[in-house]
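**Q** After the C-alpha cells below, expect a handful of questions from me.
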Amino acid sequence: MKPKDIHVIGAGLGGLAVSCLLASEGHRVTVFEKNDSPGGKINRVKSDNFRFDTGPSLLTMPFVLKELFNRCSANIDDYLSLKQVEPICRYFYRDGTVFTCYQNLENTLDEIGQIAPADVDTYKEFLQYSADLYDRTKDAFLFNPLYGFRDLSNLNLLDFFRIDAFTTVSERVDQYFESPYLRKFFKRFTTYNGSSPYRAPATLNVIPHVELTMGGYYVEGGMYRIVTALHQLAGDLGVEFRFGTAIGKIEVKDKNVQAIFDSEGNEYPAELVVSNSDAAETYLELLDDEAVPDIKKKNIKKLEPSCSGFVLLLGINKRYQQLSHHNIFFSEDYEKEFHRIFSEKVMPEDPTIYIADTSVSNPSHAPEGGSNLFILVNAPYLSDRYDWEEHSTEYADFVVSELEKRGLDNLGESIVHRTIINPLDFHEKYRSNRGSIYGTSSNSRFAAFLRPGNKSREIEGLYLTGGSTHPGGGIPLVILSAFHAMELIERYE
C-alpha cells in the first residue's frame, strides 16, 4: 500500500492511536483537534497545586496498550510506567459495611468471608463463568473488526451463541449470589460502558474477569500520561497536529471522500479520513444529507446513548484514611437509581458515588496533607427532562452533603478547589452524542454488536475510531478500534 495523505478528526485516544499506526506505516498524517490540547475525554485539570485526571481512572488489558507501542516499533517502558493498584477498590454500603477488593484473590476471599461467607465459593465460580465469557467473546468480538465475510468465517459459531445474551446482567448475578453485597458489587461493572445492569445482556459479565482476574492498573504520574506519551510518539513518527481547528464538514463526491473543511471554511484535500469524532456526530453533522442514506441516519438516531456523568473535582486540605485509590459508595436501591437515569432521565436522589483519590498513589497530586478527589455520579444523557444550567451547582452541593453523611466528615469545610463537569460540558467540549461518555449503551441483547463499524459501508475512504464505534468504550477497546480501522485500511485501500 503506497503512502497516502490521511486526515484524522479528533486527537482523543482513538485518534492518537490510529495516527501513530498510520504514520508508522509511512502515511502522511494530519490530526485536526477542536480543542487546544490532545486527549478528548481523557484529560486533566491543574489548579491550586492540585492535579486531577478527568477521564478514565483505571487501565485494564494493558497488553493492548503495549501492543500499540510495539506495532509502532516503540517500547512502552520508554514512555510509561504501569503499576497494579492494590487494593483494586473499596466499597462502602449504606448499612456501614465496607468491602475491600484486592488483586490478590485470597485477600478478597478473606473479605468476602467476613461479609458473605455463604458466597465465598460462589465468588470463585462466578469468576470462572466470567473468564469463560471472555474466552468466547474475545476472538468473536473484541479482536475482530466484524466488517466483512472473512471476519465472520473464522468465528467459532458455537462460542458466539454461548455468550449469555438472552438474560440480563442483573438476572444472572442474582442467580449466582445470595449476598446483597455481592449482587450489588457485580452489577456495578456494567457501568464501565455506560449501561444498566437491569437492561444490559449478561454478556457484559465478562468485565469482572478483565478487572478482577487480569488486573487493574494505574499509570505513574496520572492517566493523562497515556495521552502525552501517544502525542509524543505520534510526533516522533512525523504526525502533524492542528489544535484549535474544529472540523465542520467531510466532503464526499460519488461516494468517495474528497476533503474536510474546518469551521471557517478552509479546505483540506484528503485521500482518506479517519473520524475519531463521535460516530453520531460524524454521520449526522459532518456529512451532507445526500452522502448518508436515510435508513443509515434513522438507525444512528435510534441507537441509545450511554449514560453521561456528573463530575466533581475537589481539592481538599485533609486526608480521609478510609479512602483507597478507588472507592465506591453504593446507593440503597440500585435498581431505582438506574431507572431514574435511563427511564426517567433525571439525576438520582440516592446516587452511587465513585471517588478516585490519586494522591494515595501519587502524593504530589495534592499539597502536603491534602487530597485530590475525582468524584463521579452516573447521569442521564441530555434530554429536556433535566436542566443542567439550573441544577448543576445545586447537585454538586448535594453530592458533598451526601458524602458527609456517608463518612467523609466535614468535607464541605475542607474544600480548597472545586470544578464541576456536567453532561452539557461533555457535549459542548467533545461533541459527544447527547453528552454521553461511552458512545452507545448496551441496554439490549445485541446492542454491543450494533455499534457503528470502523469503516463506513456507504462512503469509500471514511473510517471511524473511538468509544462510540466497534468494539466500545474504555481505554483498551478504543485502542482496539484503532487496530480495526488500520486493518480495514490495509485491506480495502
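**Q** Filter region 31-44 for residues that are crowded, with 18+ Cβ neighbours inside 10 Å and either farther than 17 Å from VAL311 by Cα or not basic (Lys, Arg) (or both) and give the result.
**A** VAL31, PHE32, GLU33, LYS34, PRO38, GLY39, GLY40, ILE42, ASN43
**Q** Only one residue in PHE52, PHE69, PHE63 is aromatic (Phe, Trp, Tyr), outside any loop (DSSP other than H, G, I, E, B) and under 29 Å from SER371 (Cα atoms), so which one is that?
**A** Working: PHE69 fails: under 29 Å from SER371 (Cα atoms); PHE63 fails: under 29 Å from SER371 (Cα atoms).
Exactly one residue qualifies, and that residue is PHE52.
**Q** Here are SER263, SER308: which of them is closer than 30 Å to GLU349 by Cβ, among the small types (Gly, Ala, Ser) and either exposed (fewer than 15 other Cβ atoms within 10 Å of the Cβ) or in contact (Cβ under 8 Å) with a residue 12 or more places away in the chain (or both)?
**A** SER308
**Q** Here's something else I'd like to know. Consider LEU323 carefully, then state whether it is surrounded by 20 or more Cβ atoms within 10 Å (Cβ to Cβ), in contact with a helix residue (DSSP H, G or I) (Cβ under 9 Å, 6 or more places away or on another chain) and either of a type in the set (S, T, N, Q) or not in a helix (DSSP H, G or I) (or both).
**A** No: the conditions fail for LEU323.
**Q** Any idea which of (1) assigned to a helix (DSSP H, G or I); (2) within 27 Å of ILE479 (Cα to Cα) is the one ASP164 doesn't satisfy?
**A** That leaves (1) as the condition not met.
**Q** Give all pairs with beta carbons closer than 7 Å in which a residue from region 4-23 that is closer than 16 Å to SER468 by Cβ meets a residue that is surrounded by fewer than 24 Cβ atoms within 10 Å (Cβ to Cβ) and basic (Lys, Arg); count only pairs at least 6 apart in sequence or on separate chains.
**A** That search, which allows pairs on different chains as well, returns GLY12/LYS41.
**Q** Sticking with this structure for a sec: For region 219-276, enumerate the residues that are assigned to a loop (DSSP other than H, G, I, E, B) and in contact with a helix residue (DSSP H, G or I) (Cβ under 7 Å, 6 or more places away or on another chain).
**A** GLY222, LEU237, GLY238, VAL239, ASN276
**Q** Could you please find all residues in region 387-432 being surrounded by 15 or more Cβ atoms within 10 Å (Cβ to Cβ), more than 23 Å from the chain's Cα centre (by Cα) and part of a loop (DSSP other than H, G, I, E, B)?
**A** ARG406, LEU408, LEU411
**Q** Still on this model: Answer with yes or no whether SER57 is touching a residue at least 40 places away in the same chain (Cβ under 8 Å), part of a loop (DSSP other than H, G, I, E, B) and closer than 30 Å to ARG172 by Cβ.
**A** Yes, satisfied.
The numbers here are math on the coordinates, done by the rules we state, and not lab data. Being a predicted model, the structure only gives us computed values, none of them experimental. Ideal geometry is used to build each Cβ from the backbone, glycine not excepted, and the neighbour counts take in all protein chains shown.
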